[in-house]
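K.L.:
This is the structure I have questions about; it appears just below.
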Amino acid sequence: MRKLIVLGSLNMDMSIETDRIPMQGETMHGKDFLMNTGGKGGNQAVAAAKANTLTYLIGKVGSDVLGEQVLKDLSQYGVHTDYVHTSKQESTGLAMIIRCNHDNRIVLHAGANYDITIDEVKDSLHNIAKSNDLFLTQLENPYSVVKEALSYAKGLGLTTILNPAPAQKLEDEVYQTLDWIVVNESECEVLSGIYPDEEHHIQALQWFLEKGCNVIITLGEHGSIACTKHEQYRIPANKVETLDTTGAGDTFIGAFCKCLCENQDITDALQYASYAASLTVSRYGAQCAIPTHEETYEYMLKHTL
């Protein structure tokens, strides 16, 4: 079975729930404070590892107590952290999350995530990667590093996947290094100029396909759509009581990569990822809320029956 190599961000998430979003200059009470390991790279790696995928993470933390906790948590979930580097200049990344009405607002401090170098990434890939492995990354590390890393991974024969978050426009040359791009509705609009509502979602899929890569667009409560050169897919969402949306998209991506590593059919992969994400939003937190493969499989069987 192929392995997954993730280049991505590592944060300590500090999350609190409020009845509404605070106004400018306002102080208000919150409840249900949570502190746990996060970051899109870390979350996606944990989602894959919890789904029984051999997963390596390339990233960077600070030489502080938060960095130590991040590494401990990742290892506990089964992620290989031998290639998570330590910064001497920057502190571990931090995410401040306000949860409100089953939605969230996130403010990031990049910290050590922006201290990683392309040489560190290339050295790590040289030691880990074998042709046909998967390489997954996002945009919470320096953009120049991510671009060059994708090109380098593609040259090594890896299947490349990009989740362009936080969203920004990409040059055409970046799309040429991608096998898959995974976006949500707002990211789709930033990159393509097309909001993927019912009237325009086929147009959005075609836009990415013409750039040269397969595409998945996640649509929240409306499920997901995808397109390859040969086929289009539409997977409905599973109805579930939503408690916390933090990490749901990351869970979807990590679970989808698990299925790619196992050479599963795309329809099956999208369905599995959808079920895993549904379980995540029914729980509080980020990595602690991500289900194991056994939990997702049991949930799939129950709802299929």
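The values are calculated or read from the model by the stated rules, or taken from the named source; none is laboratory data. The model shown is predicted, which means the values in this text are computed figures rather than measured ones. As a convention, Cβ positions derive from the backbone with ideal geometry for all residues, glycine included, and neighbour counts pool all protein chains shown. Heads up: the accessible areas ignore ligands, DNA and RNA and are worked out on the full protein's heavy atoms, side chains in. Shrake-Rupley method; radii C 1.70, N 1.55, O 1.52, S 1.80 Å.
K.L.:
How far, in nm, would the chain grow between H222 and D197 when pulled straight, counting 0.36 nm per residue and subtracting the alpha carbon separation?
P.N.:
On the way: separation 25, 0.36 × 25 = 9.00 nm, distance 1.00 nm.
Contour length minus the Cα-Cα distance gives 8.0 nm.
K.L.:
Helix-derived [θ] at 222 nm for the chain: sum -39500 (n - 2.57) over DSSP H runs of at least 4, divide by residue count, nearest 500?
P.N.:
Numbers: 10 runs with 112 residues, N = 305.
When only DSSP H runs of four or more count, the value is -11000 deg cm²/dmol.
K.L.:
Quick check: at a probe of 1.4 Å, how many percent of the accessible area of the range 217-305 sits on carbon and sulfur atoms?
P.N.:
Numbers: 2090 of 4060 Å².
Looking at the range 217-305 in its full context, I get 52 percent from C and S.
K.L.:
Using 1/(1 + (r/R0)^6) with R0 = 41 angstrom and r between the beta carbons of R105 and N263, what's the FRET efficiency to the nearest 0.05? Kindly include the intermediate steps, with their values, before the conclusion.
P.N.:
On the way: r = 38 Å, r/R0 = 0.94.
Plugging the Cβ-Cβ distance into 1/(1 + (r/R0)^6) gives 0.60.
K.L.:
Considering only protein heavy atoms and a probe of 1.4 Å, how much of the accessible area of the range 69-160 is carbon and sulfur, as a whole percent?
P.N.:
Values: 2070 of 4420 Å².
Within the range 69-160, the accessible surface is 47 percent carbon and sulfur.
K.L.:
Whole number in Å², please: accessible area per residue of the chain, 1.4 Å probe, ligands, DNA and RNA not counted. Numbers along the way, then the final one.
P.N.:
On the way: 13760 Å² over 305 residues.
On a per-residue basis, the chain sits at 45 Å².
K.L.:
Figure the gain on full extension for K239 and Q176 (residue separation times 0.36 nm, minus the Cα-Cα span) and round it to one decimal in nm.
P.N.:
Numbers: separation 63, 0.36 × 63 = 22.68 nm, distance 3.62 nm.
Here the answer is 19.1 nm.
K.L.:
Place a label point 7 angstrom from the Cα of E148 along the Cα-to-Cβ direction, then list the residues of the range 120-138 whose backbone nitrogen is under 19 Å away.
P.N.:
120-129, 136-138
K.L.:
Tell me which label goes with the value of log10 I(q)/I(0) by the Debye sum over Cα atoms at q = 0.08, 0.11, 0.13, 0.16 Å⁻¹ computed from the coordinates here: (i) -0.45, -0.78, -0.97, -1.21; (ii) -0.32, -0.62, -0.88, -1.38; (iii) -0.39, -0.73, -1.02, -1.44.
P.N.:
So the structure-derived entry is (ii).
K.L.:
While we're on this one: Please give, to one decimal in nm, the separation of the simple spin-label points placed at S186 and Y114, each 7 Å out from Cα toward the Cβ.
P.N.:
Modelled inter-label distance: 1.9 nm.
K.L.:
Might you work out the accessible area of L243 for me, using a 1.4 Å probe with all protein chains in place, and round it to the nearest 10 Å²?
P.N.:
Probe radius 1.4 Å; accessible area of L243 about 50 Å².
K.L.:
Would you be so kind as to identify which of C188, G155, H222 lies farthest towards the positive end of the dipole of the range 155-235, taking Lys and Arg as +1 and Asp and Glu as -1 on Cβ and the Cα centre as origin?
P.N.:
Positive-end residue among those listed: G155.
K.L.:
From largest accessible area down, sort Y195, Y272, Y83; use a 1.4 Å probe on the protein chains. Show your work: numbers first, answer last.
P.N.:
Values: Y195 95, Y272 15, Y83 55 Å².
Listed by decreasing accessible area, they come as Y195, Y83, Y272.
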